[in-house]
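Student: Structure in structure tokens, see below.
The values are calculated or read from the model by the stated rules, or taken from the named source; none is laboratory data. Treat the numbers as computed from the prediction; the structure is a model and nothing was measured. Note that each Cβ is placed from the backbone with ideal geometry, even for glycine, and that neighbours are counted across all protein chains shown. Surface areas here come from the heavy atoms of the whole protein model, side chains and all, with no ligands, DNA or RNA. Shrake-Rupley method; radii C 1.70, N 1.55, O 1.52, S 1.80 Å.
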Amino acid sequence: MLLTIVPIDNTVIKDNVPLNCSIDLSSCAIPSNIRALQWKETLGWIEFWNQDNQNITELPSWVACCIVKYDEAMAPKPPTPPTANENKNTAVSLLQQTDWTTIPDVSDSTKSNPYLSNVNDFVTYRNAIRQYAINPVAGDITWPTAPEEVWNNI
């Protein structure tokens, strides 16, 4: 592992990957006279503010806390649940994608050949979606799956 820690800047760089945000290292009990720690696999050194650098072959105990803070900051964050307005926009878009099924002659065998024979499946689907367009709610929604088109010939 490659590691750089600069306490005054709350900087931790692990395996050449810097954090894209600031972390608080104040709870890691880093001695106040440490300017930086550099580590490469099994060897490293500590840079002090008012004394010479010190070579090290073991990481000090406070480094574990810094690594935990780094790993926590690098962990992927769960996505933010959609807002009611975002869910409404999704519902409107899903309805628009199936608007064509509401044209009367699409499912009328006397006017169309072929004709949509499962129009009632689309009516049921659109009714379920429409509830979210009319009364939007925030949060994750398990959206109904649009039915497959079934066309019949006369």
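Yes/no per residue for (1) part of a strand (DSSP E or B); (2) in contact with a strand residue (DSSP E or B) (Cβ under 9 Å, 6 or more places away or on another chain); (3) modelled with pLDDT under 95:
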residue: SER27; (1), (2), (3): no, no, no
residue: ARG35; (1), (2), (3): yes, yes, no
residue: GLU47; (1), (2), (3): yes, yes, no
residue: ASN55; (1), (2), (3): yes, yes, no
residue: CYS65; (1), (2), (3): no, no, no
residue: TYR70; (1), (2), (3): no, yes, no
residue: PRO79; (1), (2), (3): no, no, yes
residue: LYS88; (1), (2), (3): no, no, no
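Student: Go through region 71-92 and report how many residues are under 26 Å from ALA133 (Cβ atoms) and either open to solvent by less than 80 Å² (accessible area, probe 1.4 Å) or touching a helix residue (DSSP H, G or I) at 6+ places or on another chain (Cβ under 8 Å) (or both).
Tutor: 9
Student: While we're here: I'd like to verify a number: residues in region 114-154 that are at pLDDT 95 or above and in a loop (DSSP other than H, G, I, E, B), how many?
Tutor: 19
Student: Which one is nearest to the chain's Cα centre (by Cα), of the residues in region 93-122 that are within 18 Å of THR142 (Cα to Cα) and exposed (fewer than 15 other Cβ atoms within 10 Å of the Cβ)?
Tutor: SER93
Student: For region 129-145, name all the residues that are under 15 Å from GLN97 (Cβ atoms) and surrounded by 13 or more Cβ atoms within 10 Å (Cβ to Cβ).
Tutor: Within region 129-145, ILE129, ARG130, TYR132, ALA133, TRP143, PRO144 qualify.
Student: Take the residues in region 43-66 that are of a type in the set (Val, Ile, Thr) and surrounded by 10 or more Cβ atoms within 10 Å (Cβ to Cβ), then tell me which one is nearest to the chain's Cα centre (by Cα).
Tutor: VAL63
Student: Assuming ASN20 fulfils every condition listed in (1) closer than 30 Å to ASP140 by Cβ; (2) surrounded by fewer than 17 Cβ atoms within 10 Å (Cβ to Cβ); (3) touching a Pro at 6+ places or on another chain (Cβ under 9 Å) apart from one, which condition is it?
Tutor: The one condition ASN20 does not meet is (3).
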